[in-house]
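Written below as structure tokens is the structure these notes are about.
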Amino acid sequence: MDRFEEKAFVRKLTRMNDGAWEYFCKQYSAPLLEFVQWHFGCALQESEEIVQMVFVRCVKSIGTFDPRRGGLFQWLKAVAKNEGHTCFRRHGKRNAEMSLSVIPDHVLGQIAGVIDRAPLPDDVLARKELRILVGECLTEVNRRYREALLGKYVDGLKVSEIAARWDTTEKAVESLLSRARESFKSVILGKLQRQRVSGSEMPQ
């Protein structure tokens, strides 16, 4: 939905419209679960618990949503980070927050090369920060693109192997990978740009 539709939708949420909340949970449950798993690197059961906590918190604090600071999903991710920390503290566990520990270092280098038109800030070049950045960006591309990128760059599958798994042609996979890389690049460049703008607005 565009920002005007989202604004109208948020008004329904603040009025506690049952249909709006049902749609909200159905629309964001899956991508939010994926984000939590990537960001915290935790098991499915823990991730589901955090997602439940997020939706409960959202019902209580939907009035604090500020569209000037981003869309609903960006707000949800911020809430998820806070609720995740709360969940780990309650269970007496150390929050790993390591995201893509499964991604080898040489693959991180390949992924960083995807954004060759925009040098990464020094603080993002740190291995942990890059993993988190990549993980968050992967949750924002569509599922098919994400599966293609992970298959190629994380699992190390050949184009022919991906094609065989998906029962399609190698040409179709190559085309999909090309679009997936462009989508990923667009997401990560946008995130870096917002980071720079946010940093430039901080008081000196």
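Of all residues in the stretch 23-71, those that are within 19 Å of Ala8 (Cβ to Cβ) and β-branched (Val, Ile, Thr) total 3.
Can you run down the residue pairs with Cβ atoms below 8 Å, 6 or more apart or on separate chains, where the first is in the stretch 52-72 and surrounded by 16 or more Cβ atoms within 10 Å (Cβ to Cβ) and the partner is part of a loop (DSSP other than H, G, I, E, B)? Qualifying pairs under 8 Å: Leu72/Phe65. Assigned to a helix (DSSP H, G or I), touching a Phe, Trp or Tyr at 6+ places or on another chain (Cβ under 9 Å) and either over 28 Å from Val134 (Cα atoms) or polar (S, T, N, Q) (or both): does that describe Ala20? Spelling it out, Ala20 is indeed assigned to a helix (DSSP H, G or I), touching a Phe, Trp or Tyr at 6+ places or on another chain (Cβ under 9 Å) and either over 28 Å from Val134 (Cα atoms) or polar (S, T, N, Q) (or both).
Inside the stretch 87-185, counting only helices (runs of 4 or more DSSP H) that do not spill past its ends, which hold 3 or more residues that are farther than 25 Å from Ala43 by Cβ and at pLDDT below 75? Outline the logic, then answer.
Numbers: elements: 105-114, 122-125, 127-138, 143-149, 159-166.
Ranges flagged: 105-114, 122-125.
Look at the stretch 1-15: where a residue is under 21 Å from Val56 (Cβ atoms) and a partner is exposed (fewer than 12 other Cβ atoms within 10 Å of the Cβ) and at pLDDT below 90, sitting 6+ places away or on another chain with Cβ atoms under 9 Å, you get Phe9/Met1; Thr14/Gly63.
The values are calculated or read from the model by the stated rules, or taken from the named source; none is laboratory data. Only a predicted model underlies this, so the values are computations on that prediction, with no experimental measurement involved. Cβ sites come from the backbone with ideal geometry, for glycine too, and all protein chains shown count toward neighbours.
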